[in-house]
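Here is the structure we will look at, set down as structure tokens.
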């Protein structure tokens, strides 16, 4: 079943690059006591993700913060090394927390898995954005297909 507004974020362990390499981070720790703008992409370094989705959240960082967002999280079914390299390539600095759902545990638990098997990409994550208030989804912008229509930072801001 697909996650929806009012649902609690699934409790899973993810990875993020730390100073000593990949480090575990739980969804519980990411969202507890915070208002978080999270967006998910089918893959790091892919065209729409690199040209529009991630840059949009970086460009709108200050506007999101002004609307009460405490943190911005980017998640993808990639490993922590790839997410770390993509973050460096895109110069995210401390504006966006780059989180790896390497085994697709979050994607599966949230019901947003995208099967691109046969296209050489395997199981991925549907493109989305959401606002999570203290672990509960308060806004969900889930793309139906492979497009980029509803999950942009601009769309999120318009609804805050």
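Every read-out reported here was derived from the displayed coordinates using simple, explicitly stated rules and does not represent laboratory data. Being a predicted model, the structure only gives us computed values, none of them experimental. Backbone-built Cβ (ideal geometry, glycine too); neighbour counts: all protein chains shown.
Kindly establish whether residue 93 is more than 26 Å from residue 158 (Cα to Cα), surrounded by fewer than 18 Cβ atoms within 10 Å (Cβ to Cβ) and free of Cβ contacts under 8 Å to residues at least 60 places away in the same chain. Reasoning before the result, please.
Working: more than 26 Å from residue 158 (Cα to Cα): no; surrounded by fewer than 18 Cβ atoms within 10 Å (Cβ to Cβ): yes; free of Cβ contacts under 8 Å to residues at least 60 places away in the same chain: yes.
So residue 93 does not fit the description; no.
Looking at residue 10 and the list (1) surrounded by fewer than 20 Cβ atoms within 10 Å (Cβ to Cβ); (2) closer than 24 Å to residue 154 by Cα; (3) in contact (Cβ under 8 Å) with a residue 60 or more places away in the chain, which single condition is not satisfied?
Evaluating residue 10 over (1) surrounded by fewer than 20 Cβ atoms within 10 Å (Cβ to Cβ); (2) closer than 24 Å to residue 154 by Cα; (3) in contact (Cβ under 8 Å) with a residue 60 or more places away in the chain leaves (2) as the failure.
Counting only residues that are over 19 Å from residue 144 (Cβ atoms) and exposed (fewer than 15 other Cβ atoms within 10 Å of the Cβ), how many does region 114-132 have? Please lay out each step first, then the result.
Looking only at region 114-132, we keep the residues that are over 19 Å from residue 144 (Cβ atoms), and these are 117-118, 120, 122, 131-132.
In the following step, the residues that additionally are exposed (fewer than 15 other Cβ atoms within 10 Å of the Cβ) were identified as 117-118, 120, 122.
Within region 114-132, residues that are over 19 Å from residue 144 (Cβ atoms) and exposed (fewer than 15 other Cβ atoms within 10 Å of the Cβ) number 4.
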